[in-house]
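Down below is the structure, laid out as structure tokens.
The values are calculated or read from the model by the stated rules, or taken from the named source; none is laboratory data. Quick caveat: nothing in here was measured; it's all calculated off a predicted structure. Here Cβ is always computed from backbone atoms with ideal geometry, including for glycine, and neighbour counts include all displayed protein chains. SASA here: full protein model, heavy atoms, side chains in, ligands and nucleic acids out. Shrake-Rupley method; radii C 1.70, N 1.55, O 1.52, S 1.80 Å.
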Amino acid sequence: MTPPTSSPPRTTLRTTLCTLGALTPPTLSCLLLAAHYLRSGDLGMVVVCLTLPVLFFLRRAWVRPVLQAAFAAGMAVWVLAMMDLIQFRQVVGLPWLRLALILGSVAVVTGASALLLETRALRERFSHKSDAAAVQAGAFLLTIVALALAQAKVSFPILLVDRFFPGFGALQILGMGLYAAWIAGKLTNPERASQVRARMWLFFSVIFFGQLALGLAGWERFLMTGDLHLPVPALILAGPIYRGEGFFMLILFLSTVLLVGPAWCSHLCYIGAWDHQAALRTKRPQALPPWAFPARLAIFALIMLTALGLRLLDVHWTWAVTLAAGFGLVGVGIMAAISRKMGVMAHCTVFCPVGLAAVVLGRLLPWRLRINQDCDACGRCARACRYGALEPGHLVNRKPGLSCTLCGDCIHRCRDNRLSYSFARLSPTTSRHLFILLITVLHAVFLATARI
């Protein structure tokens with residue numbers, strides 16, 4: 001009997017040579033782009049272009065579409081540079097055909113690099129496939145685009161790296177894109193999603209308040225504009241009513257509601273993360289009392305009317321700041337005393353007016369937590385809900401309570417997959433992946449830009 005033989009070394013060598021040959025044009029394209037940005041003095045983009053080849057070694061399926069998009073953008077850079085230089089040479093009467101041929105060839109090589117990633121050798125290199133690949137690639141690209149637009153459109157350096165190292169903001173953008181891809185991959189794992197959400201949310205809040213503390217300590221570069229505002233969520237709504245201006249945070253809040261419904265309250269609020277940590281101190285959440293929702297409405301109305309009254313009576317701003325600070329301190333007390341004891345996020349579900357606005361406005365969008373009709377109301381999901389949205393009556397009616405913020409902690413607790421995200425007519429899996437994509441991008445953008 002002939003013993004089995006291993007693959008001949010020649011095959012392995014041939015595969016390696018094919019891979020190296022396919023990687024040569026993409027690597028050359030990165031070097032040429034780095035030279036282009038070096039010539040224009042953009043050192044940040046030089047480092048980014050030199051970093052791109054490192055992605056070849058990640059061997060993740062999401063990297064391939066990301067690199068293809070990068071090379072497509074690089075091709076556009078060369079085409080625009082070629083057109084500008086041709087136009088300049090025509091104006092001053094210099095020959096331009098040779099220049100056009102050179103830059104046109106470079107553009108073709110760069111564009112061909114995107115196509116080479118479709119070859120068998122490189123497709124196999126990025127063959128570590130997963131259900132999260134498309135979500136991760138989308139999170140990377142959308143984060144890059146959003147932060148690049150913010151950097152270009154805002155009149156002051158909105159990225160911290162640009163403030164400390166002018167011209168290197170592109171590095172922070174690349175880093176946030178990689179971070180977004182990493183987080184998206186973690187969130188697509190249902191078993192770990194609730195833990196990852198809590199950690200990324202708390203991480204954002206720590207960075208937010210850490211920057212505020214450094215700014216107050218004298219490091220003004222950590223502040224957004226130098227104009228201080230109290231970090232009390234209620235002021236997102238009450239502040240513009242009192243001042244008649246300062247709509248930035250309100251517009252930002254409404255934009256997130258338009259994208260992900262009430263998920264602001266479970267992923268993006270800088271205060272809510274602490275209420276969540278307080279509620280987690282009690283393993284089993286208690287039911288909210290019957291008067292919780294009427295109290296929530298009354299507090300919302302009181303805050304809005306107070307802000308309007310202060311404006312109409314032309315009350316000095318020191319009184320407004322004192323009242324706002326007092327309201328914020330009461331909220332902290334509610335977290336420490338009630339949320340911690342009951343295991344439910346009392347500050348977010350009863351006391352915070354922004355929370356009520358988020359869940360009500362969120363109902364205008366098709367984002368929902370769907371409870372299937374075959375749900376047996378076992379209550380396992382309710383033990384994971386810190387918003388009081390899955391009480392027995394809600395499960396019997398197959399409809400989460402108004403306080404649901406789409407945190408998703410309940411979904412993996414159901415043993416029979418009877419809970420899922422729902423968006424319009426999309427399938428549960430597609431809805432969940434779309435939600436993860438959007439919330440990850442918002443989280444990464446907020447982490448990079450949100451400061452007082």
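Here are some notes:
- Yes/no for residue 255 being in a helix (DSSP H, G or I), under 23 Å from residue 421 (Cβ atoms) and free of Cβ contacts under 8 Å to residues at least 40 places away in the same chain: yes
- Any hit, the stretch 37-54, residues being surrounded by fewer than 19 Cβ atoms within 10 Å (Cβ to Cβ), of a type in the set (A, V, I, L, M, F, W, C), under 30 Å from the mean Cα position of the chain (by Cα) and under 19 Å from residue 137 (Cα atoms): yes
- Qualifying position, being open to solvent by 30 Å² or more (accessible area, probe 1.4 Å), touching a residue at least 60 places away in the same chain (Cβ under 8 Å) and either not hydroxyl-bearing (Ser, Thr, Tyr) or not in a helix (DSSP H, G or I) (or both), among 320, 325, 336: 325
- Being open to solvent by less than 20 Å² (accessible area, probe 1.4 Å) and either out of contact with any helix residue (DSSP H, G or I) (no Cβ under 8 Å at 6 or more places or on another chain) or within 14 Å of residue 285 (Cα to Cα) (or both) is a property that does not hold for residue 376.
- Condition check for residue 273: among the aliphatic types (A, V, I, L, M), at pLDDT 95 or above and touching a Leu at 6+ places or on another chain (Cβ under 6 Å): yes
- Residues located in the stretch 253-287, provided they are under 23 Å from residue 235 (Cα atoms), more than 16 Å from the chain's Cα centre (by Cα) and either open to solvent by 10 Å² or more (accessible area, probe 1.4 Å) or aromatic (Phe, Trp, Tyr) (or both): 271, 274, 277, 278
- Residues located in the stretch 234-250, provided they are assigned to a helix (DSSP H, G or I) and under 19 Å from residue 208 (Cα atoms): 235, 236, 248, 249, 250
- For the stretch 188-235, a residue qualifies if it is open to solvent by 20 Å² or more (accessible area, probe 1.4 Å) and of a type in the set (Lys, Arg), and the qualifying residues are 192, 199, 221.
- Which listed residue is more than 24 Å from the chain's Cα centre (by Cα), modelled with pLDDT under 85 and either farther than 23 Å from residue 63 by Cβ or among the small types (Gly, Ala, Ser) (or both), from 121, 100, 107: 121
- Qualifying positions in the stretch 171-184 - among the small types (Gly, Ala, Ser) and open to solvent by less than 20 Å² (accessible area, probe 1.4 Å): 177, 180, 181, 184
- Restricting the stretch 339-357 to residues that are touching a Ser or Thr at 6+ places or on another chain (Cβ under 6 Å) and assigned to a loop (DSSP other than H, G, I, E, B), the residue that is surrounded by the most Cβ atoms within 10 Å (Cβ to Cβ): 345
- Answer from 149, 159 - the residue that is among the aliphatic types (A, V, I, L, M) and either touching a Gly at 6+ places or on another chain (Cβ under 8 Å) or under 30 Å from residue 307 (Cβ atoms) (or both): 159
- Every pair of residues 6+ apart whose Cβ atoms lie under 7 Å, when the first sits in the stretch 203-216 and is under 17 Å from residue 179 (Cα atoms) while the second is open to solvent by 60 Å² or more (accessible area, probe 1.4 Å) and modelled with pLDDT of 90 or more: 205/274
- Neighbours by Cβ (under 7 Å, 6+ apart or cross-chain): first from the stretch 47-62, farther than 15 Å from residue 168 by Cα and small (Gly, Ala, Ser); second in a helix (DSSP H, G or I) and open to solvent by less than 30 Å² (accessible area, probe 1.4 Å): 61/133
- Residue check for residue 432: basic (Lys, Arg), at negative phi and open to solvent by 60 Å² or more (accessible area, probe 1.4 Å): no
- Restricting attention to the stretch 238-252, the residues that are touching a helix residue (DSSP H, G or I) at 6+ places or on another chain (Cβ under 6 Å) and either surrounded by fewer than 20 Cβ atoms within 10 Å (Cβ to Cβ) or within 30 Å of residue 422 (Cβ to Cβ) (or both) add up to 6.
- Test: residue in the stretch 412-432 that is under 30 Å from residue 150 (Cβ atoms), assigned to a loop (DSSP other than H, G, I, E, B) and of a type outside the set (Val, Ile, Thr): yes
- Scan of the stretch 80-108 for residues that are open to solvent by less than 50 Å² (accessible area, probe 1.4 Å) and closer than 19 Å to residue 34 by Cβ, ordered by number: 81, 82, 103, 106, 107
- Filter pass, residue 241 being farther than 13 Å from residue 450 by Cβ, over 24 Å from the mean Cα position of the chain (by Cα) and among the hydrophobic types (A, V, I, L, M, F, W, C): yes
- Failed item, numbered, when residue 105 is tested on (1) in contact with a helix residue (DSSP H, G or I) (Cβ under 8 Å, 6 or more places away or on another chain); (2) among the small types (Gly, Ala, Ser); (3) without any contact (Cβ under 8 Å) to a residue 60 or more places away in the chain: (1)
- A count restricted to the stretch 381-412 and to residues that are among the basic types (Lys, Arg) and surrounded by 17 or more Cβ atoms within 10 Å (Cβ to Cβ) stands at 1.
- Residue 360 falls short on exactly one of the conditions (1) hydrophobic (A, V, I, L, M, F, W, C); (2) within 31 Å of the chain's Cα centre (by Cα); (3) open to solvent by less than 40 Å² (accessible area, probe 1.4 Å); (4) more than 17 Å from residue 231 (Cβ to Cβ), and that condition is (3).
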